[in-house]
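In what follows, a single structure is set out as structure tokens and then discussed.
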Amino acid sequence: MNAFFHLLAPLALMLPAATAVDHARSLPEGDAAQLSVPAAPMSRAAGAEPFAADTYFLPETAGQVRIEERVTVRIAPRPMPIMPSMFAQDFDPPGGGPRFIEKKMGKCVPVAGIIGVQPGGGNRLIMMMKDRRVVSAALSKSCQSRDYYSGFLVAKSVDGLICQGRDQLLARNGANCQVSGFRQIIEVGD
């Protein structure tokens, strides 16, 4: 019933207008002139063309179109038990456990190869890679790794790499830091 009413409501509203038009057509020609509405005077500048409704709704032509694409990659935090000895170079832990050293590596790391990140000590981020490597990223001196507890965002570059001195890592809390260097963390053994 309710849907039927919604369908017929517009027709019911147009009914009085239809009867008025029929009434105006049935009047003699002299009386029909009294029903017409006189046009309001239109003021326009000399030489200006009258307003045309068909040209008003045409789309404006664009002189220049600019399309930008921006892709941001989010690297999520990944919990992984990391021993404190991983942060110290050539530190020999008591009890004869595994020992870790940091080894120099290239200046760039592939973004697609990072599967997780967690804050390290001071200004270092520890990144776990798909190829089972563990990489330490040193941030610029004014940055703290604890700001990156929930991962980071990085703008995807054309080459798909995060490079030292070039790319900015944006933390969820608003911190924005550059990477000053990468080092690979390697287990030396017992």
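The table below lists the values:
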item	result
Near pairs, Cβ below 7 angstrom, 6+ apart or cross-chain, from region 64-78 (more than 10 Å from Lys156 (Cα to Cα)) to any residue that is part of a loop (DSSP other than H, G, I, E, B) and open to solvent by 100 Å² or more (accessible area, probe 1.4 Å)	Pro77/Tyr149
Residue in region 171-190 that is surrounded by the fewest Cβ atoms within 10 Å (Cβ to Cβ), counting only those that are farther than 13 Å from Val117 by Cα and under 18 Å from the mean Cα position of the chain (by Cα)	Gly174
Meets criteria (closer than 17 Å to Pro77 by Cα, among the small types (Gly, Ala, Ser) and not in a strand (DSSP E or B)) for Gly121	yes
Any pair with Cβ under 8 angstrom, 6 or more apart, that starts in region 170-185 at a residue that is farther than 16 Å from Ile101 by Cα and ends at one that is among the aromatic types (Phe, Trp, Tyr) and surrounded by 14 or more Cβ atoms within 10 Å (Cβ to Cβ)	Leu170/Phe152; Ala171/Tyr148; Ala171/Phe152; Arg172/Phe152; Ala175/Tyr148
Residues that are outside any loop (DSSP other than H, G, I, E, B) and either open to solvent by 10 Å² or more (accessible area, probe 1.4 Å) or of a type in the set (Gly, Ala, Ser) (or both), drawn from region 130-158	Val134, Ser136, Ala137, Ala138, Ser145, Arg146, Asp147, Leu153, Ala155
Residue within region 156-165 that is modelled with pLDDT of 90 or more, under 24 Å from the mean Cα position of the chain (by Cα) and under 17 Å from Pro77 (Cβ atoms) present	yes
Where a residue in region 115-137 is charged (D, E, K, R) and its partner, wherever it lies, is open to solvent by 10 Å² or more (accessible area, probe 1.4 Å) and assigned to a strand (DSSP E or B), with Cβ under 7 Å and at least six apart	Arg124/Ala138; Lys130/Ile115; Arg133/Gln184
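The values are calculated or read from the model by the stated rules, or taken from the named source; none is laboratory data. Since the structure is predicted, the reported quantities are computational estimates derived from the model, not experimental observations. Virtual Cβ from ideal backbone geometry, glycine too; neighbours counted across all protein chains shown. Please note that ligands, DNA and RNA were not included when accessible areas were found on the heavy atoms of the full protein model with its side chains. Shrake-Rupley method; radii C 1.70, N 1.55, O 1.52, S 1.80 Å.
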